[in-house]
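Report on the following structure.
The values are calculated or read from the model by the stated rules, or taken from the named source; none is laboratory data. Values in this document were obtained by computation on a predicted structure and should not be read as measured data. Note that each Cβ is placed from the backbone with ideal geometry, even for glycine, and that neighbours are counted across all protein chains shown.
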Amino acid sequence: MNKNLNQKLALIFVVLLVFIYGIFGVPSGVTGKSIMDAMSKRIHLGLDLRGGVHLILKVNVQEAVSTETDNTVGRVQQDLKTANLTFTQVYKPDPSKPETVKVQGISPANASTVRSTLDNKYSNEYDISGTGADGSFTLTMKPTIESALEEKTVQQAIETIRDRVDTLGVSEPVIDEYGLGKYEILVELPGVDDLDRVKSLIQNTARLEIHAVVGGPYKDEAEAATSAGGSVPPDEEMVHGSGNMATGSDADAVYLLRRVAVVSGTDFRSADPGTDSNTGQRTVHFTLTNEAGDKFYDYTSKNVNTSMAVVMGGRVKEVANIESAIRDSGEIRGSFSQDEVASLSKLLRTGALPASLEYLEDRTVGASLGADSIREGVTAAVVGVLVVMGFMLIYYRGSGINADLALFLNLVILLGFMGFSGATLTLPGIAGVILTIGMGVDSNVLIFERIREEVRAGKAPAAAIDQGFGHAWVTIIDTHVTTIVSAAILFVVGSGPVKGFAVTLTFGLLANLFTAVYVSRLIFDWHLGRLKSGEPISI
Amino acid sequence: MELFRGVNIDWLRLKWAFLGFSLLFSVAGVIKMAVLFSTTGSPVPLGVDFRGGTEVKVQFQQAPDINAIRQAMDAAGIRDAKIQSYNSTAGANQVLISLPEEQNESQIDSGRQQVVSALHSHYTNPFTDSGVQVDAVGPTVGKQLETQAGRAILVSLLGMLVYLWFRFQLIYGVAAVVAVFHDTLITVGFFALTGQEISLTVIAAILTLVGYSMNDTIVVFDRIRENLRLSRRESLPDVVNRSINQTLSRTVLTSGLTFLTVLSLYIFGGQVLRGFSFALVVGILIGTYSSIAVAAPMLVAWQQWRASKGKDVVLPAAKRPRA
């Protein structure tokens, strides 16, 4: 009996040590401050407590689809030309349906050849419809391909945002898919106050692209449209020039560019800022990936003496004449501001956002407001726990000590678990811990009331304790399992904070089973061993 | 110290009073929700988490003057801003400025910028970036959260019903779930009646309440099951009464202690937790009441209804408890 008791005591002691380690880790010293530091390293405080920025962004995945079909338009044109098949145009008929590409103006005689050419190259990614009788075929991106592309776009956006946020040097940033809606990203940056800086960094779509110039510069959009014959054809687009930083000259110039980029954002391997040694102008030196380099060489060698435009952030930065074929590196001399040049190289290194982003939610909590919340939460917790413990002592006398020890251990295990699991403690989380104490005491009350009943029925202390635990155990199992069942469902159905709530709740209940039943029973057994025969237990 | 020793109250005699009480509060809540729904399109006042919109909380360095702030907002052309002083125990000098919901997401950040710049340019009381809290929520996210929260509560109720069906009998599960639903309805009704906003933390409180009330009910049911097995000749109403009385001391103690901790939250936890603790203050009282006054009488009512139909009269003692 006694040996058994010692073993159990050792087990409890080990559990206590493990979870105390969970809360504090190994503090660097024994002063109050170093212990607090160690604790804050183990238990992560939520944004509402430590201050920070919380954003939910939506990725406009349709843009990535549109870019992909833009490329397809270019490839189809190329393929049909190579095969000497005539057509009037390849275009995207409906801007609201970026997944559809239409080939028009095929002579009926060629219809079957065109069909087999398209089938050969595009049937993996596209559903091809039309008979060619009316001279047209329609390519629609397959839903599976489209959703895979959309998923990839979101992942890419997450990667890019992560890389960019890393340059801020924020500790423990959260950048992840937000489970509630499609294509949504959650960004949490603890300790950051300056929302504007974060937003401009994340949202910078500074995609660097090189497009072929069809015409321009024109004075305004109307003039550009007139020169294009009334309206801009679907495979071209109007882009404004950016103001020359030095002279401000061509700020409102409008260019007509081929919609499909010769070099797109993902083709750049690197870009470095520099200065032109002759003119002192700011320059950007870029290198392309091998594949893009071959493509670029191909294009530039065929189009010597035409113009191409460097576009960044939706504005033409520079228009250059192709003097000779270029392969994989070059220099852009344009109207860049100093900030643009500096951030451009950083952004190119971290990769371009595959699509633009939209803000669905933003929250910032100032650090001092967070500190207030901590103070209030902790005050409420301390008062709550003391009131419960005090009451148990008064109501159950000697056994109250038993319950209070169990409660204390319950609290240690719960906090230690938060330290181990890396769960985040938020203000509602503190409230949850307080409630766990209030409800955790329920198991003790159930057992003690049962023991009192047995004592009243005239049982000896040992028997009363045994029966009391036995009867209460059935009830405790039922109440705990029911709550765990509902927590498990919350975990499956819920997301984010609801999931966290479910995990903490479940663990709190398991810890409660251990402390209120196992530990409390052990304390009673130990007490029984020291009781003189005939002496009643204090309950 | 001991309360409720040897109490012998005939709870079931009070069942009509209980029914009236429950109906009064549920119906009042439901009517208020219906009125709100027809006027505002939402049965309960929703917090910024669900409704969408912008809330800016600013901690000023000196005591703020609400009227001066209102003038600052007007001067900057911000209309319909709701301004309330937001003093909590720890953080004095706080003001909450809320702007009405935005209809689309592209405007989401403009509210914050407008408010902060209006305060900087038209109001002299200084504040720092670390004393500003902003919640700007677009309508999409709010809607998604609302759907999810509702579904989570309903599905978890269903899960508990299945577990109780398996451990006791279907009627026990139904009675418990009805009782818990009753608690949730009345608590949400209280929010509608008092005009308090339901936020994400209030949903967390309601989830907690569901678990808590279920606990209370199961403790009583467990006693009923045990007593039914021990004394098969006693009538069901007697067993139910005796079981409630036997567990009364535990019920009152646990509720009382949990109530005290929640009260401490309500008093010391600050403004942010006010909604959370309000939900629990109401919920714990109702939850305790419902396990005595709703769940247990439902078992008896069901048995009497079966008897009147000439069906199997005895409520079986359920399965033997295994543990």
Identify all residues within the range B:113-141 that are outside any helix (DSSP H, G or I) and at the interface with chain A (Cβ under 7 Å from one of its Cβ atoms); write none if there are none. B:VAL132, B:GLN133, B:VAL134, B:ASP135, B:ALA136, B:VAL137, B:GLY138
Tell me, which residue of the range B:142-179 that is more than 10 Å from chain A (Cβ to nearest Cβ) and closer than 25 Å to B:ILE31 by Cβ is surrounded by the fewest Cβ atoms within 10 Å (Cβ to Cβ)? B:GLY150
In the range A:518-539, residues that are of a type in the set (A, V, I, L, M) and at pLDDT 90 or above total 3
Reported set for the range B:1-52 where residues are in contact with a Pro (Cβ under 6 Å, 6 or more places away or on another chain) and more than 30 Å from A:TYR395 (Cα to Cα) is B:LYS15, B:MET33, B:LEU36, B:PHE37, B:GLY52
B:MET214 vs (1) surrounded by 24 or more Cβ atoms within 10 Å (Cβ to Cβ); (2) over 30 Å from B:PHE50 (Cβ atoms); (3) facing chain A (nearest Cβ under 10 Å): all pass except (2)
Yes or no: B:GLY287 on the phi > 0 side of the Ramachandran plot and of a type in the set (Gly, Ala, Ser)? no
Within the range A:1-49, track down each residue that is farther than 16 Å from A:GLY419 by Cβ and within 27 Å of the chain's Cα centre (by Cα). A:LEU47, A:ASP48
Kindly indicate whether any position in the range B:229-241 is touching a residue at least 12 places away in the same chain (Cβ under 8 Å), assigned to a helix (DSSP H, G or I) and surrounded by fewer than 18 Cβ atoms within 10 Å (Cβ to Cβ). yes
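For residues in the range A:356-373 being assigned to a helix (DSSP H, G or I) and more than 7 Å from every other protein chain (Cβ to nearest Cβ), which is surrounded by the fewest Cβ atoms within 10 Å (Cβ to Cβ)?
In this case the residue turns out to be A:ALA371.
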B:ALA136 passes all but one of (1) touching a helix residue (DSSP H, G or I) at 6+ places or on another chain (Cβ under 8 Å); (2) at pLDDT below 80; which number fails? (2)
If B:LEU260 passes every condition in (1) buried (at least 21 other Cβ atoms within 10 Å of the Cβ); (2) facing chain A (nearest Cβ under 8 Å) but one, which one does it miss? (1)
Which one of the conditions (1) assigned to a loop (DSSP other than H, G, I, E, B); (2) within 8 Å of chain A (Cβ to nearest Cβ) does B:GLN196 fail to meet, given that it meets all the rest? (2)
Just to be sure before I move on: is A:VAL187 buried (at least 18 other Cβ atoms within 10 Å of the Cβ), at pLDDT 80 or above and away from chain B (no Cβ under 14 Å) in the structure I sent? no
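For the range B:222-260, name all the residues that are of a type in the set (A, V, I, L, M, F, W, C), within 27 Å of the chain's Cα centre (by Cα) and under 14 Å from B:TRP11 (Cα atoms).
The initial filter retains those residues of the range B:222-260 that are of a type in the set (A, V, I, L, M, F, W, C), namely B:224, B:228, B:230, B:236, B:239-240, B:244, B:248, B:252-253, B:257, B:259-260.
Filter once more, keeping what is within 27 Å of the chain's Cα centre (by Cα): B:244, B:248, B:252-253, B:257, B:259-260.
Selection gives B:ILE244, B:LEU248.
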Go through the range A:48-63 and give me each residue that's buried (at least 22 other Cβ atoms within 10 Å of the Cβ) and at pLDDT below 85. A:ASP48, A:LEU49, A:GLY51
From the option list A:PHE286, A:PHE296, single residue qualifying as under 15 Å from A:GLU209 (Cβ atoms), at pLDDT below 80 and either of a type in the set (Asp, Glu) or in the same structural domain as A:VAL262 (by TED's automatic domain parsing) (or both) is A:PHE286
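Let me confirm something: among A:VAL232, A:VAL192, which residue is touching a residue at least 40 places away in the same chain (Cβ under 8 Å), touching a helix residue (DSSP H, G or I) at 6+ places or on another chain (Cβ under 7 Å), assigned to a loop (DSSP other than H, G, I, E, B) and of a type outside the set (Ser, Thr, Tyr)?
Testing whether each residue is touching a residue at least 40 places away in the same chain (Cβ under 8 Å), touching a helix residue (DSSP H, G or I) at 6+ places or on another chain (Cβ under 7 Å), assigned to a loop (DSSP other than H, G, I, E, B) and of a type outside the set (Ser, Thr, Tyr) leaves just A:VAL192.
Out of the range A:426-451, which residues are among the β-branched types (Val, Ile, Thr) and either closer than 23 Å to B:VAL252 by Cβ or not assigned by TED's automatic domain parsing to the domain that holds A:ILE476 (or both)?
Residues satisfying the conditions are A:ILE434, A:THR436, A:ILE437, A:VAL441, A:VAL445, A:ILE447, A:ILE451.
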Subset of the range A:377-397 (residues that are in contact (Cβ under 8 Å) with a residue 12 or more places away in the chain, surrounded by fewer than 23 Cβ atoms within 10 Å (Cβ to Cβ) and either facing chain B (nearest Cβ under 7 Å) or closer than 25 Å to A:LEU47 by Cβ (or both)): A:VAL378, A:ALA381
Across the range B:265-279, what is the total count of residues that are crowded, with 23+ Cβ neighbours inside 10 Å and either more than 8 Å from chain A (Cβ to nearest Cβ) or modelled with pLDDT of 90 or more (or both)? 1
